[in-house]
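See structure below.
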Amino acid sequence: MPRAALPALLLPLLGFLFSHIDCPSSTWVQFQDSCYIFLQEAIKVESIEDVRNQCTDHGADMVSIHNEEENAFILETLKKQWKGPDDILLGMFFDTDDASFKWFDKSNMTFDKWTDQEDGEDLVDTCAFLHTKTGEWKKGNCEISSVEGTLCKAAIPYEKKYLSDNHILISALVIASTVILTVLGAIVWFLYKRNLDSGFTTVFSTAPQSPYNDDCVLVVAEENEYAVQFD
């Protein structure tokens, strides 16, 4: 087997292992290329940043939603697993400079699911809430006194510093195993090639040879020449 083939064979295995090292722990739920966690602790709120800090302390941000499938996944998980309240605060705010809603995680606003609300309302200090019974979004004042839980989202790959100790250990073992196997493969290939070259040398060295060496042939030739001179 060529030496370069060994790392190539290991790549699918490494891809399989690392594909399962996504979210930091089993308390998170994965959907597509993101990890989600619902922090069920009720907290007092002085500003929206108090809610956001709940997520940033876990290496994430308040949830953003970018398509109908993601919206449906969050609703389903809230009902079956997280048992969240009727209204969940989304990671969205109204930017008065641009007169538009934006996500705190700076992702693009590619999807919305606003419920029908009256136009012309004052949107200063306006946030968005996901109504878990209908799946629609509604606008509300950011100045709330408390929340019953915080929904957070982090992109995959999750930042290395937030990986659990077990995942870091697994990653280190996989990398070390790859290096060891690569070195062993190189050694085996080197020994194989050396033995192969030695085999060819042996074959050539056992080829039929004259029973006389060069000195004997030279002496015989001189004797024959001397004999001719006296004939």
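The values are calculated or read from the model by the stated rules, or taken from the named source; none is laboratory data. Remember, predicted model here, so these are calculated numbers, not experimental data. When we count neighbours, we look across all protein chains shown, and the Cβ atoms used for this are built from the backbone with ideal geometry, even at glycine. Just the protein is used for accessible areas: all its heavy atoms, side chains included, with ligands, DNA and RNA removed. Shrake-Rupley method; radii C 1.70, N 1.55, O 1.52, S 1.80 Å.
Taking the criterion of being surrounded by 14 or more Cβ atoms within 10 Å (Cβ to Cβ) and among the basic types (Lys, Arg), the residues of the stretch 106-147 that qualify are LYS113, LYS138, LYS139. Within the stretch 32-70, the residues that satisfy the criterion of being within 25 Å of the chain's Cα centre (by Cα), crowded, with 18+ Cβ neighbours inside 10 Å and outside any loop (DSSP other than H, G, I, E, B) are SER34, CYS35, TYR36, ILE37, PHE38, LEU39, GLN54, CYS55, ASP61, MET62, GLU70.
Cβ-Cβ distances below 8 Å connect the following pairs, each with a first residue in the stretch 48-74 that is in the same structural domain as CYS127 (by the TED database), a second residue that is part of a helix (DSSP H, G or I) and open to solvent by 20 Å² or more (accessible area, probe 1.4 Å), and a separation of six or more residues or different chains: HIS58/TYR162; GLY59/LYS161; GLY59/TYR162; ASP61/ARG52; MET62/ARG52. Taking the stretch 85-105 as the search range and keeping residues that are in a loop (DSSP other than H, G, I, E, B) and among the acidic types (Asp, Glu), which one is surrounded by the most Cβ atoms within 10 Å (Cβ to Cβ)? The extreme case among them is ASP105.
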